[in-house]
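Enquirer: Below you'll find the structure I mean.
The values are calculated or read from the model by the stated rules, or taken from the named source; none is laboratory data. These figures come from a predicted structure and were not determined experimentally. Neighbour counts run over all protein chains shown; Cβ positions are idealised from the backbone, glycine included.
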Amino acid sequence: MDLKELDGILARYPEPESTIISILHEVQSVCHYLPEEALRQLASKTGVPVTRLYSIATFYHFFSLTPKGRHQVHVCLGTACHVKGSERVLTEIERELGAREGETTPDMRFSIGAVRCVGACSLAPVMVVDNQTYGKMTPKNAKEALKKYE
Ligand code: FES
């Protein structure tokens, strides 16, 4: 992330201390994770200690300190989805993309994760790609759904 991008983000937040989580969201949406250098620059420009930025980044599951793929694929392993076969969906996605849960594909296209209930149990088993929820997944249609992100 270059300084101009960070300055552009900070210009939208006149009170950075009270909006630091929103700022971190924006940094992550640009970089797909929170690079160390961006956190250091952010600390120096806002006066928020870098240790606090790291605390926030590690506390909230939606922040990542390691590079993530352009698309986030999450398979729900909550009870309703588990009962309906979400493990098989996850296994097929891992096989198709060549990365395991918690990993990012070598081409940085996808990161794969598991979640515990996204509140759409009636659609079980559920897969979420970025902000799009896919219900009634089978290993086959999960694989098909991911094709549109290629
Ligand atoms: S258990 Fe998967 S959406 Fe609720």
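Enquirer: What single numbered condition from (1) away from the ligand (no atom under 16 Å from the Cβ); (2) in contact (Cβ under 8 Å) with a residue 40 or more places away in the chain; (3) out of contact with any Leu (no Cβ under 9 Å at 6 or more places or on another chain) fails to hold for I21?
Expert: (2)
Enquirer: Just to check your reading of the model, which residue among R109, R95, R88, R100 is closer than 30 Å to N141 by Cα, in contact with a Pro (Cβ under 6 Å, 6 or more places away or on another chain) and either of a type outside the set (S, T, Y) or modelled with pLDDT of 95 or more (or both)?
Expert: On the way: R109 fails: in contact with a Pro (Cβ under 6 Å, 6 or more places away or on another chain); R95 fails: in contact with a Pro (Cβ under 6 Å, 6 or more places away or on another chain); R100 fails: in contact with a Pro (Cβ under 6 Å, 6 or more places away or on another chain).
Result: R88 is the single residue among R109, R95, R88, R100 that is closer than 30 Å to N141 by Cα, in contact with a Pro (Cβ under 6 Å, 6 or more places away or on another chain) and either of a type outside the set (S, T, Y) or modelled with pLDDT of 95 or more (or both).
Enquirer: Suppose the filter is part of a loop (DSSP other than H, G, I, E, B) and buried (at least 18 other Cβ atoms within 10 Å of the Cβ); does L34 pass it?
Expert: On the way: part of a loop (DSSP other than H, G, I, E, B): yes; buried (at least 18 other Cβ atoms within 10 Å of the Cβ): yes.
So L34 fits the description; yes.
Enquirer: Let me ask something additional. For region 95-108, state whether one or more residues are of a type outside the set (A, V, I, L, M, F, W, C), over 30 Å from E15 (Cα atoms), in contact (Cβ under 8 Å) with a residue 40 or more places away in the chain and assigned to a helix (DSSP H, G or I). Don't jump to the end; show me each part of the working.
Expert: Within region 95-108, the first condition is being of a type outside the set (A, V, I, L, M, F, W, C), and the residues that meet it are 95-96, 98, 100-107.
Applying the additional criterion that residues be over 30 Å from E15 (Cα atoms) yields 95-96, 98, 100-107.
Adding the requirement that they be in contact (Cβ under 8 Å) with a residue 40 or more places away in the chain leaves 96.
Filter once more, keeping what is assigned to a helix (DSSP H, G or I): 96.
Yes, some residue in region 95-108 is of a type outside the set (A, V, I, L, M, F, W, C), over 30 Å from E15 (Cα atoms), in contact (Cβ under 8 Å) with a residue 40 or more places away in the chain and assigned to a helix (DSSP H, G or I).
Enquirer: Something else about it: Which count do you get for residues in region 86-140 that are more than 17 Å from the chain's Cα centre (by Cα), surrounded by fewer than 17 Cβ atoms within 10 Å (Cβ to Cβ), among the polar types (S, T, N, Q) and within 16 Å of the ligand (Cβ to nearest atom)?
Expert: 2
Enquirer: Please find, within region 69-85, the residue that is nearest to the ligand (Cβ to nearest atom) out of those that are modelled with pLDDT of 95 or more and in a loop (DSSP other than H, G, I, E, B).
Expert: Taking the candidates together, the pick is G78.
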